[in-house]
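Enquirer: The structure's right below; bear with me while I get my questions together.
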Amino acid sequence: MDIKIYENDKIKEKLFFKELASGLKIYFMPKEGYTKQYAIFSTNYGSIDNIFVPIGEKKAIEVPEGIAHFLEHKLFEEPEENIFDKFSKLGANVNAYTNFTQTAYLFSSTENFYENLELLVHFVQHPYFTDENVEKEKGIIAQEINMYRDNPNWRVFFNCLRAMYGEHPVKIDIAGTVESIQDISKELLYKCYNTFYNPNNMVLFIAGDLSFDEILRVIDKTERKDSKKIEEVNRVFKEEPKGVRENFIEESMMTSTPLFYIGFKDEDINLSGKERVKKDLMTNFILDMLFGSSSIFYNELYEEGIIDSSFGAYFTGKKSYGHSLIVGESKKPKEVYERVMNLFEKDPQSILNEDDFNRIKRKNIGGFLMSFNSVESIANNFIDLYFEEVLLIDYLEILESIEYKNLIERLKKHFVKENVVLSIINPLS
Amino acid sequence: MNLKSERIQIDNGIHLNLIYTDKFKSNLLSYYFLRPLSKDEVTKNALLPLVLKRGTEEYDTNLKIQKKLEETYGANFSISINKRGEKQVLRFTVESINGDYVGDKDNIYEVIDLLKDIIYNPTLEKGYFRKDYVNQEKENLKNRIEGRINDKRSYALDRCIEEMCKNEKFSIYPLGKVEDLDGIDENILYEHYKNVIITSPMEIFYVGEYDAKLIEYIKDIGKIERKELLNIPREQIISGVQTKNMVSEDLDVTQGKLVLGFRTGIPYEDRLYNGLIVASDILGGGPNSKLFRNVREKESLAYYITSTIYKYKSIMLIDGGIEFQNFEKTIDIINEQLEEMKKGNFTEEDIEISKKSIKSSTESIRDSAFLISEYFFSQILSMDNRSLEEILEDIDSVTKEEIVEAISHVVLDTIYFMKSSKNQ
C-alpha cells in the first residue's frame, strides 16, 4: 500500500501514514530541527478490557484486575539481557504506561533512533513470561499499588469512579489490588497477550527529525511476520445500570485539607469518531465557561476562601464511558457541591454566555497549536485520539466547528442530579 | 542547532537574555528574581507572587487577568517559588502563541504588557496591596505549606534535607513558615515588595523569534529606580560528617519512605563534579543503575529507588518506597552497592550507559523553550561559561578514576524513614 500524507496549513505540520500487510499502522510526524526523537507503540488494550473472548476460543473469560498493567511490566522481560539495558546502551530512555483503554510502550532518544526503533518493535512483539519472573514481579507491583494507596488524589478519584459506576470496569484500579494480582499466571498473561497484541489492534507513532522511508525499512525488517491478522477482538462489557451506584462516598487518610471530586456520569455514550470528540470538546467548553479560572463561580468561591487554585473541571471519556469531574481541595467540600448543584439549577441560557464561549474557543485553539511544540505532547495526544478513530491533524477542524448553540442541549442532558457523585477524602482527625 | 544566548544589561543588576529560535509555535518570556534564602524574608517572598497575580492596575481582579490571558489565545501564565541552593528564586513566566499562526502579529505585545503589569503595576488600595487579597493569599499559602504532607515522596525528601542541614540555610522550606504569616499584612508586604523590586538581582529570558522593536519593548521597564544590589553569597559546602543522624516519623501510611542523605563535599565548580554526576547515575540513575537492579529487580523491595545530586549544596540523596519491615535490608543493599562503587566494581559499559543518559537529557533541553530558559538561568547562577557542547564534552571525558574518586568522597549523614506503627 502507498504512503498517505495528511497536511494542515494552519497547523503547519504533516503526517505520514502507511499500513503494513500485518495490519500494523504506522504514523509519522516530521519535526525538523528537533533534537529528540520519540516513538510510541500502543495497543488498544487497557484496564477496562477485563472480559473478552481469547483468540482461538469461543467463550468469554474474566481476567484478574490489573492484568493489563502487569503484562506491561512483564513485556520488558527477555530471555538473555534485560530490555532496559539494551535501550540504555543505545542512549535511549524506554518507558511504558497502562491506562483505562490502552497500553503504550515508548522511548525517546537523541541518537541511534533506528536501532532503538528496532528494539522497541522487537521487544513488544516477543513476550517472554516464566513462572519465576511472573512471581518476582508481584512484589514490585505490590509496592507500586501501595504507593498509590498513600496518594490522596488517586484515592479520591477512584472512590468517585467506584461510586459512579455499578458495572463498568473503569471503576477498577488500573494496577488492580495486592490480592487480585496474586491470581495472575504466565498462562493468563499469554492469553491476554495473544489476543490484544495482534498488529491489527496496534499503532506505532513516531515524531522527530527523521526519514519515513528509513522508518518503514526498519519496521519491515523487524516486525513479526508469523502473526495472523485478526479482525476485531471480542470484548464484553456488562450492562451499566442507569444512574450512579451511590451519590456520596468519603474516606479519611493522611492529608492536610479535604479533597473532593464531584463527578457527573455521562449517559450519552457509544458515539465514535468525530462525533465523540465533538461531544468531549463541547462538555469541556461548558466546564471551562462555568468553572474555569475566568468564571464567576471560580472567582467568587476563591475570594470567599472556599476553593484555591487547585480547583478545576474537565470531561474525560472513551467510547464506552465518560464523566465530568469538578475537583479540588476545600475545607468545605459539601458547600462547593451545593454551589455547583445550585448553578446547574439555573437556566442554561443565563449561565452560558456567548462572549465567554468565544474566548474559551480562542484559548483552546492557541493551546492546541502550542501542543505541537513538544514531541511527547504530539505523540501522547495522537495516540489518545487514534483509537477513537480521529487523527490529531483533524482535531483543529473539529474544535473550530463547535458552535455556541450546541452547548445548551448538552448541558441540560449531561449535568443532571441523577448522575452526580460527591467523593471526599478527609484528613485524619 | 547551537544554543546561543545574547545577554544585555538593561539596568543595575537586571539582565535580559535573548535566545533566538523559530522552532516553536510560541514564545516565552520569564522574569527571575533572586533573594537570599533566609528565615527573615522567606515567607514574605513566597507570598509576593501569589498576591501579585491577583490583580494589576488595569486588570484589578483575577477574573480580568484570566480573561485577558484567554483572549490572547490562551497565553500560559505561571509563577514559581523555589530554592536553588541557598537562594530563593521567584519566577514569573508567560508563554504565548506565535502571532503568525493566528494572524495576530501584535498578540505578543499584549502578553508582554500583561506580564510587566503583574510584576510592576499591582492593584493598590490606599497606597498598599489590597488587604483582602493579602489575607486570602496568606490563607492559601498556609494551606500549601501544610499540604506538603500530601505528596509523601517529596515530603520525605524535604524532611531529610531539613534534618541533615539543620544548621544551614538550605534547610529552609522555600514556601516559608506558617508562624510567620501572622506578622505579615498589606503594608509590610508592600514595603517588602518595593525593596525586592529595587534590590534583587534579576534575570529576564526571552525565547522565540524577535526583532529590534521587540527587544526595545521588553527592555523598557518604566521608571524603576534601582538601588544598591543585594549580594547573595555562594553556599557553604560541608564535607565530612560530624554526627550521624537517624530520624523516623510515624505517619498513617501504607508504604514506608526511606531517604538517605549524603555529603559529597564536591562543589560544582570542581572538575570532579562531572565525575560525581556520572557516579550518582551509575549508582541510582536509570533502570540500568545498581540500585534499580539490586533493590528492585533482584530483591523486589521497591518500585522506585533513585539517587540524586543537589548541585548547589553538593549533597546526594537516595530515596525509595519500601515495606516497613524491609528498612534494614534495603539499607544494607544500598551500602553494599555504594561500597562496590568505591571499590571500582562497575564496568566501562556502565560508564558509557550513564554518560549517554546524562548527555541525552542535557541535549533534550533544546526542544523546550522553558528548559532553554532554565538552562541559561542555571548557567548564570553557577557562573558557568561553558556552552552546552562543552558541558557534553566534559561529561564525555570523565574517567573511571574520577568516578571512583568522586564517590569515595560521599559520606552518609542522615537517614530519614517514614513509617506507620498502626499499619505495621
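The values are calculated or read from the model by the stated rules, or taken from the named source; none is laboratory data. Remember, it's a predicted structure, so these values are computed and weren't measured experimentally. Neighbour counts run over all protein chains shown; Cβ positions are idealised from the backbone, glycine included.
Enquirer: Scanning segment A:174-187 for residues that are assigned to a helix (DSSP H, G or I) and under 23 Å from the mean Cα position of the chain (by Cα), which turns out nearest to A:His126 (Cα to Cα)?
Expert: My answer is A:Ile181.
Enquirer: Right, here's the next one. Give segment B:111-140 a look and list any residue that's closer than 27 Å to B:Ile188 by Cα, within 13 Å of chain A (Cβ to nearest Cβ) and out of contact with any Gly (no Cβ under 9 Å at 6 or more places or on another chain), or say none.
Expert: The answer is B:Lys131, B:Asp132, B:Val134, B:Glu137, B:Lys138.
Enquirer: Let me ask something else about it. Would you call A:Ser256 over 25 Å from A:Ser320 (Cβ atoms), in a strand (DSSP E or B) and within 14 Å of chain B (Cβ to nearest Cβ)?
Expert: No.
Enquirer: Considering each residue of segment A:388-429, count those that are assigned to a helix (DSSP H, G or I) and closer than 19 Å to A:Phe372 by Cβ, and give that number.
Expert: 9
Enquirer: Residues B:Asn12, B:Asn76, B:Asn45, B:Asn82: which one is closer than 28 Å to B:His192 by Cβ and free of Cβ contacts under 8 Å to residues at least 60 places away in the same chain?
Expert: B:Asn76
Enquirer: Is it the case that some residue within segment B:87-110 is surrounded by fewer than 21 Cβ atoms within 10 Å (Cβ to Cβ), more than 13 Å from chain A (Cβ to nearest Cβ), under 30 Å from A:Leu290 (Cβ atoms) and under 20 Å from the mean Cα position of the chain (by Cα)?
Expert: Yes, that holds for at least one residue.
Enquirer: Output yes when any residue across segment B:222-231 is buried (at least 16 other Cβ atoms within 10 Å of the Cβ), outside the structural domain of B:Asp11 (by TED's automatic domain parsing) and acidic (Asp, Glu), and no when none is.
Expert: Scanning segment B:222-231, I find no residue that is buried (at least 16 other Cβ atoms within 10 Å of the Cβ), outside the structural domain of B:Asp11 (by TED's automatic domain parsing) and acidic (Asp, Glu), so the answer is no.
Enquirer: Further question: Within segment B:221-260, can you find the residues that are of a type in the set (Val, Ile, Thr) and under 30 Å from B:Lys419 (Cα atoms)?
Expert: Selection gives B:Ile238, B:Val241, B:Thr243, B:Val247, B:Val253, B:Thr254, B:Val259.
Yes/no per residue for (1) among the charged types (D, E, K, R); (2) buried (at least 20 other Cβ atoms within 10 Å of the Cβ); (3) within 25 Å of A:Met254 (Cα to Cα):
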| position | (1), (2), (3) |
| --- | --- |
| A:Glu111 | yes, no, no |
| A:His122 | no, no, no |
| A:Asn153 | no, no, yes |
| A:Gly166 | no, no, no |
| A:Ile181 | no, yes, no |
| A:Met202 | no, yes, no |
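Enquirer: Right, next: Residue check, A:Tyr190 against (1) assigned to a loop (DSSP other than H, G, I, E, B); (2) at pLDDT 95 or above; (3) surrounded by fewer than 20 Cβ atoms within 10 Å (Cβ to Cβ), all met but one. Which one?
Expert: Result: A:Tyr190 passes all but (1).
Enquirer: Which residues, counting only those in segment A:112-164, are away from every other protein chain (no Cβ under 14 Å), assigned to a helix (DSSP H, G or I) and not aliphatic (A, V, I, L, M)?
Expert: A:Tyr114, A:Glu118, A:His122, A:Gln125, A:Asp131, A:Phe158, A:Asn159, A:Cys160, A:Arg162
Enquirer: Same structure again: Can you spot a residue in segment A:224-237 that is outside any loop (DSSP other than H, G, I, E, B), under 27 Å from A:Lys58 (Cβ atoms) and of a type in the set (Lys, Arg)?
Expert: Yes, segment A:224-237 has at least one match.
Enquirer: Might you check whether a residue that is of a type outside the set (Gly, Ala, Ser), over 22 Å from A:Ser310 (Cα atoms), touching a residue at least 24 places away in the same chain (Cβ under 8 Å) and in contact with an Asp or Glu (Cβ under 6 Å, 6 or more places away or on another chain) occurs anywhere in segment B:90-98?
Expert: Within segment B:90-98, none of the residues are of a type outside the set (Gly, Ala, Ser), over 22 Å from A:Ser310 (Cα atoms), touching a residue at least 24 places away in the same chain (Cβ under 8 Å) and in contact with an Asp or Glu (Cβ under 6 Å, 6 or more places away or on another chain).
Enquirer: Hey, another quick one. Scan segment B:175-182 and tell me whether some residue there is closer than 25 Å to B:Gly321 by Cβ, within 21 Å of the chain's Cα centre (by Cα) and outside the structural domain of B:Gln255 (by TED's automatic domain parsing).
Expert: yes
Every residue, every condition in (1) out of contact with any helix residue (DSSP H, G or I) (no Cβ under 7 Å at 6 or more places or on another chain); (2) among the aromatic types (Phe, Trp, Tyr); (3) in the same structural domain as B:Val398 (by TED's automatic domain parsing), yes or no:
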position	(1), (2), (3)
B:Ile238	yes, no, no
B:Asp252	yes, no, yes
B:Leu258	no, no, yes
B:Arg263	yes, no, yes
B:Leu272	no, no, yes
B:Ile282	no, no, yes
B:Ser289	no, no, yes
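Enquirer: Looking at this structure, is A:Leu71 more than 14 Å from chain B (Cβ to nearest Cβ), in contact with a Leu (Cβ under 8 Å, 6 or more places away or on another chain) and farther than 25 Å from B:Glu297 by Cβ?
Expert: The answer is no for A:Leu71.
Enquirer: For B:Lys213, which of the numbered conditions (1) free of Cβ contacts under 8 Å to residues at least 24 places away in the same chain; (2) under 23 Å from B:Leu48 (Cα atoms) fails to hold?
Expert: (2)
Enquirer: Taking segment A:77-105 only, how many residues are more than 21 Å from the chain's Cα centre (by Cα) and more than 8 Å from every other protein chain (Cβ to nearest Cβ)?
Expert: 8
Enquirer: Which residues, counting only those in segment A:12-55, are among the aliphatic types (A, V, I, L, M), in contact with a helix residue (DSSP H, G or I) (Cβ under 8 Å, 6 or more places away or on another chain) and at pLDDT below 95?
Expert: Once the filter is applied, which keeps residues that are among the aliphatic types (A, V, I, L, M), in contact with a helix residue (DSSP H, G or I) (Cβ under 8 Å, 6 or more places away or on another chain) and at pLDDT below 95, segment A:12-55 yields A:Leu20, A:Leu24, A:Ile55.
Enquirer: Is there a residue being surrounded by fewer than 19 Cβ atoms within 10 Å (Cβ to Cβ) and under 23 Å from B:Ile161 (Cβ atoms) anywhere in segment B:312-320?
Expert: no
Enquirer: If the requirement is being within 26 Å of B:Ile305 (Cα to Cα) and either surrounded by 14 or more Cβ atoms within 10 Å (Cβ to Cβ) or modelled with pLDDT under 95 (or both), which of these qualifies: B:Ser368, B:Ser382, B:Ser354?
Expert: B:Ser354
Enquirer: Pick out, from segment B:1-85, the strands (runs of 3 or more DSSP E) lying fully within it that include 3 or more residues that are in contact with a Phe, Trp or Tyr (Cβ under 6 Å, 6 or more places away or on another chain) and either away from chain A (no Cβ under 11 Å) or crowded, with 21+ Cβ neighbours inside 10 Å (or both).
Expert: Passing ranges, in order: B:26-36.
Enquirer: Of all residues being away from chain B (no Cβ under 14 Å) and among the acidic types (Asp, Glu) in segment A:380-429, which is farthest from A:Tyr38 (Cα to Cα)? Just the residue, please.
Expert: The qualifying residue farthest from A:Tyr38 (Cα to Cα) is A:Glu418.
Enquirer: Determine which single condition A:Met147 fails, assuming it passes every other condition in (1) buried (at least 18 other Cβ atoms within 10 Å of the Cβ); (2) touching a residue at least 12 places away in the same chain (Cβ under 8 Å); (3) under 22 Å from the mean Cα position of the chain (by Cα).
Expert: (2)
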